[in-house]
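The structure under discussion appears below in the form of structure tokens.
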Amino acid sequence: MSVEVDVMLQEAKESIEAAQNYRSELQQRLNGLNQARKQVRGSSGQAREALRRHFTELQAAASQLLTERLATLLAEVDAIEADSVKPLDDCQSLIEHGVGQADELLREGEAALRCGLGEKEDKLGSFTKKAMHIQLDSLPEVPALVDVPCVSAQLDDSLLGLLRDRVTRLGSVSSHPPVQIEELQERPGGTLVRWCKVDEDFTAADYRLQYRRSGSGGSQYEDAYIGRDCEFLVLHLDPHTDYLFRVCARGEGRTEWSPWSIPQTGYTTLAPHEWCPGTEGYILSSRRNIALRSDSSQSRCPVLYSNAPTYFCGQTLTFKMSAAGQMDRRDSLGVCVDSGRGEESLQRDQAVCISTNGAVFVNGKEMTNQLPAITVGSAVTFDMEVVNLFPISNNNLSEGGNFKLRVTIGSGNREVVFDWLVDQAVDCLFFGCSFVHSGWKVLVF
């Protein structure tokens, strides 16, 4: 009986644990539903506010434009009326003056006819002289109606049709943005952001990526990239700090941007790649990620190493050339196990590198395969993965290597792949460069 009770007790405990797990899973799903509902209601409220604000501003601007245009046209009517009425007023004044003179002459003539014989001769003589002075046969010219302005307004009724057509196509409401962030990968001092198009009917001409520090109310989104690529490495981010990323797109033949994607949170725990300060012959930028070879020395070619072994296998290390000097076969860009002081080139043991002429060196030996020569704008990439964590055989010791790393070096549209044997197990590596001549400028990330 006790055995059966123990079994039932165990089953009850398992059922209780399963119920607890089930309740926990359901609670998580409820939280997810609440977040989804919050996103729907929040985004709907923002969309309503954006629509009301846009159309209110549009109505005010359109009313202002119509008011200003009406005032301009009315001012033109007033100007035409004033210019046209003035000569008519002048002509009217002249005619009214002539009518007054004629009335006065008539009164004098009638008075001369009624006067006595003694005064008749003098008054008739005076009347005759005045009549001759007034020139009763001279009349002012009054313009014909066809010669004076007849003001009218010409209004194009098609504007209303055009306006109605544009208004019916103004704005749109979408339930999902056409692009979404697909992946966030941490990189030294930055985050690699990849996005993809989720609306198959949308043809994108350009993408726009923005980011801002998370949890900072006053922080504004900043443009990180505008272009046709679907990924971008955002650099100069503080490690162990959350950042929000969002992306939108501009349709083919359109000027406006699409709605933003749902912001995604990303961060990096990796310190940024930096060159080591104080190396003779090199000038570093303020962030120490750009190095400039500042003077030439034919007798000595110092190696500029990284400030720390910040390159880890599985990452991509990139050297971007923003300026170029004269090539020399002793030049080198590459990765090494240690930052050996006094070395004049990375073309040595425990290092892999590429020279500016495209030659590839592994542990100081030049490979048969060669990459394109390095020039301004060239980007040289190093990718490594561990092949063996333990010694393959005792023969490897005599060959100078216990551990094997598979290395891929890319430059231009070509790459070389080879195995690199190192003396010791390493989880992080130094990088470095050396240039004989001045003028070379390299960015590392």
Report ³J(HN,Hα) in whole Hz for each residue of segment 365-378, in order, from the Karplus equation J = 6.51 cos²θ - 1.76 cosθ + 1.60 where θ = phi - 60°; Gly and Pro get x. 9, 7, 7, 6, 5, 9, 9, x, 4, 8, 9, 4, x, 5
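Nearest 0.05, what FRET efficiency do S24 and D206 give at R0 = 45 Å with Cβ-Cβ as r?
Working: r = 45 Å, r/R0 = 0.99.
Efficiency computed from Cβ-Cβ geometry: 0.50.
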May I ask you to derive the FRET efficiency for E385 and H240 from their Cβ-Cβ distance with R0 = 22 Å, giving the value to the nearest 0.05? 0.25
Whether segment 202-297 is rounded, prolate or oblate, judged on the alpha carbon gyration tensor where a/c under 1.5 counts as rounded: oblate
When the charge dipole of segment 79-221 is computed with +1 on Lys and Arg Cβ and -1 on Asp and Glu Cβ about the Cα centre, the Cα farthest towards its positive end, among L124, G161, L94, belongs to G161
Evaluate Rg over Rh across segment 22-172, taking Cα atoms for both radii and Kirkwood's formula for Rh. 1.62
Measuring from label point to label point, each 7 Å out along Cα→Cβ, what is the C428 to R329 span in nm? 3.7
Roughly speaking, what is the centre-to-centre gap between segment 346-368 and segment 252-276 when only Cα atoms are used, to the nearest Å? 35
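Longest segment of the chain with no GluC sites (Glu not before Pro) in a DSSP loop having at most 12 other Cβ atoms within 10 Å?
Numbers: sites that count: E141, E200, E252, E256, E280, E399.
Longest gap between qualifying sites, sites excluded: 1-140.
Keeping all protein chains in place, calculate the accessible area per residue for segment 70-179 (probe 1.4 angstrom), answer in Å². Mind dumping the intermediate values first?
Details: 9270 Å² over 110 residues.
Result: 84 Å² of accessible area for each residue.
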nm² value of the averaged projected area, convex hull over the Cα atoms of the chain: 53.0
So what's the gap between the Cα centers of segment 181-222 and segment 306-331, to the nearest angstrom? 27
Counting only protein chains, not ligands or nucleic acids, how are V376, V362 ordered by accessible area (probe 1.4 Å), most first? V376, V362
Specify whether the C-alpha gyration tensor of segment 406-445 places it in the rounded, prolate or oblate class, a ≥ b ≥ c being the square roots of the eigenvalues: rounded for a/c under 1.5, otherwise prolate if a/b is larger than b/c and oblate if not. oblate
For F312 the rounded accessible area (nearest 10 Å², probe 1.4 Å, non-protein molecules ignored) is 70
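On full extension of the chain, what length is gained from L105 through I226, given 0.36 nm per residue of separation minus the C-alpha to C-alpha distance? If you can, show how the numbers build up before the last one.
Working: separation 121, 0.36 × 121 = 43.56 nm, distance 9.17 nm.
Here the segment from L105 to I226 would lengthen by 34.4 nm.
With N set to the residue count of segment 153-249, report its C-alpha Rg divided by 2.2 N^0.38 Å to two decimal places.
Working: Rg = 19.7 Å, N = 97, 2.2 N^0.38 = 12.5 Å.
Rounded to two decimals, the normalised Rg is 1.57.
For a Förster distance of 56 Å, can you work out the FRET efficiency between the beta-carbons of D295 and L9, rounded to the nearest 0.05? Write down the numbers at each step before the final one.
Numbers: r = 83 Å, r/R0 = 1.48.
E(calc), rounded to 0.05, equals 0.10.
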Taking the simple approach of a point 7 Å from Cα along Cα-to-Cβ for both L139 and K320, what is their distance in nm? 9.2
D (µm²/s, integer) via Stokes-Einstein for segment 16-76, Kirkwood Rh across alpha-carbon pairs, 20 °C, 1.002 mPa s: value 134
Cα-based reach from K130 at 26 Å (exclusive), listing lysines while leaving out same-chain residues under 8 positions away: K120
For a paramagnetic label modelled at 7 Å from the Cα of R213 toward its Cβ, which residues of segment 220-261 fall within the zone defined by backbone nitrogen distances under 19 Å? 220-224, 234-246
Qualifying aspartates and glutamates (Cα of each under 14 Å from Cα of K404; at least 8 residues distant if same chain): D383, E385, D419, D423, D427
Percent of all Cα-Cα pairs per 10 Å bin for segment 298-391, counting from 0 up to the last occupied bin, reads 15, 47, 33, 4, 0
Which value in nm describes the separation of the simple spin-label points at L233 and I80, placed 7 Å from the Cα toward the beta carbon? 6.9
Using a 1.4 Å probe over the heavy atoms of the protein chains, calculate the carbon and sulfur portion of the accessible area of the chain as a whole percent. 53
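What does the helix-only formula give at 222 nm for the chain: each DSSP H stretch with n ≥ 4 adding -39500 (n - 2.57), the total divided by the residues, and the result rounded to the nearest 500 deg cm²/dmol?
Details: 4 runs with 146 residues, N = 445.
Theoretical 222 nm ellipticity from helices: -12000 deg cm²/dmol.
The values are calculated or read from the model by the stated rules, or taken from the named source; none is laboratory data. Keep in mind that this is a model prediction, so the values were computed, not measured. Every residue, glycine as well, gets a Cβ built from its backbone with ideal geometry; the counts of neighbours run over all protein chains shown. These accessible areas exclude ligands, DNA and RNA; they are computed on the full protein's heavy atoms, side chains included. Shrake-Rupley method; radii C 1.70, N 1.55, O 1.52, S 1.80 Å.
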